[in-house]
Amino acid sequence: TSALPGPPPRRILSGIDSAVSFSPDGRRFAYYRSEPGHSGHSSLVIANIDGTHVRPIATKRTPDRFVPAFFTSPSWSPDGRTIAAAVQQQSKYQSALVTVDAESGRERVLRAEFANISFTAWTPDGAGVVFVGQQDPSWATPPQLWFQPINGGDPRRITSDTMEYRNVSVTDDRSLLLSVATDHSTTLWTAGLEPGSTAKKISSMRGDGL
């Protein structure tokens, strides 16, 4: 295979525990980090695009946490003033969607009654945050895409299907969403203990064994 044009890649930062979100001016990025040397501590961190001036702006301590969690990401608002983030509240089996001031770290709760919130993405007009959320703590209903108005109104469910959504991004004109999702289809099987025994699928419902 031929090398990509341009200079070789170089590492600018380590210790990143989520996807990153870039500020509107492209000069900084935000991410989640499990704090090294402080068990149970996790932070929302901002850094310059070259990896300098790394600064935690909000830190959570167990039972609350930003990470570790799968498929998580904060998101920078279009005006560059705030960052949307998801806080997992383990003692309540609940998550909160919050905004954090990018300079002061001041936090505002937008929504707090979801069982799980992970990936976030601001709409380009700053009207609200699209997020991956799950209301049912039993996981009977997989995570779906939701829209939370920034004015604090009720969230609106965007998707309603059997897909398990992982992330989301929004086009500049707010006309399209892009997401990676999984669709589980699991079944139960039986097999004899003898060598060469043939496995047999049990007639069952979609999702059995998951």
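Per-structure values
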quantity: Unique match (being open to solvent by less than 40 Å² (accessible area, probe 1.4 Å), of a type outside the set (Lys, Arg) and in contact (Cβ under 8 Å) with a residue 24 or more places away in the chain) among Thr159, Thr186, Thr171; calculated: Thr186
quantity: Qualifying residue in region 144-160 (condition: over 25 Å from Pro78 (Cα atoms) and not hydroxyl-bearing (Ser, Thr, Tyr)); calculated: no
quantity: Qualifying position, being among the hydroxyl-bearing types (Ser, Thr, Tyr), crowded, with 19+ Cβ neighbours inside 10 Å and under 21 Å from the mean Cα position of the chain (by Cα), among Ser43, Ser34; calculated: Ser43
quantity: Pick from region 93-106, criterion surrounded by 14 or more Cβ atoms within 10 Å (Cβ to Cβ) and under 18 Å from the mean Cα position of the chain (by Cα), ranking: farthest from Ala47 (Cα to Cα); calculated: Gln94
quantity: Only listed residue being open to solvent by 10 Å² or more (accessible area, probe 1.4 Å) and in contact (Cβ under 8 Å) with a residue 60 or more places away in the chain, chosen from Phe119, Phe147; calculated: Phe119
quantity: Enumeration of residues in region 44-60 that are under 16 Å from Thr120 (Cβ atoms) and not charged (D, E, K, R); calculated: Leu44, Val45, Ile46, Ile57, Ala58
quantity: Output for region 122-142, where each listed residue is open to solvent by 10 Å² or more (accessible area, probe 1.4 Å) and part of a loop (DSSP other than H, G, I, E, B); calculated: Pro124, Asp125, Gly126, Ala127, Gln135, Asp136, Pro137, Ser138, Trp139, Ala140, Thr141, Pro142
quantity: All positions within region 12-27 that are in contact (Cβ under 8 Å) with a residue 40 or more places away in the chain and either of a type in the set (Lys, Arg) or open to solvent by less than 50 Å² (accessible area, probe 1.4 Å) (or both); calculated: Leu13, Ser18, Ala19, Ser21, Ser23
quantity: Exclusive hit being more than 29 Å from the chain's Cα centre (by Cα) and surrounded by 12 or more Cβ atoms within 10 Å (Cβ to Cβ), set Ser179, Ser204; calculated: Ser204
quantity: Subset of region 165-194 that is modelled with pLDDT under 90 and in a loop (DSSP other than H, G, I, E, B) - its residue that is farthest from Pro74 (Cα to Cα); calculated: Leu188
quantity: Identity of the residue in region 48-89, under 11 Å from the mean Cα position of the chain (by Cα) and aromatic (Phe, Trp, Tyr), that ends up most open to solvent (accessible area, probe 1.4 Å); calculated: Phe70
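The values are calculated or read from the model by the stated rules, or taken from the named source; none is laboratory data. The shown structure was predicted, so the numbers you read here are calculated from the model rather than taken from an experiment. Note that we place each Cβ from the backbone using ideal geometry, even for glycine, and neighbour counts take in every protein chain shown. Keep in mind that these areas ignore ligands, DNA and RNA; they rest on the heavy atoms of the full protein, side chains included. Shrake-Rupley method; radii C 1.70, N 1.55, O 1.52, S 1.80 Å.
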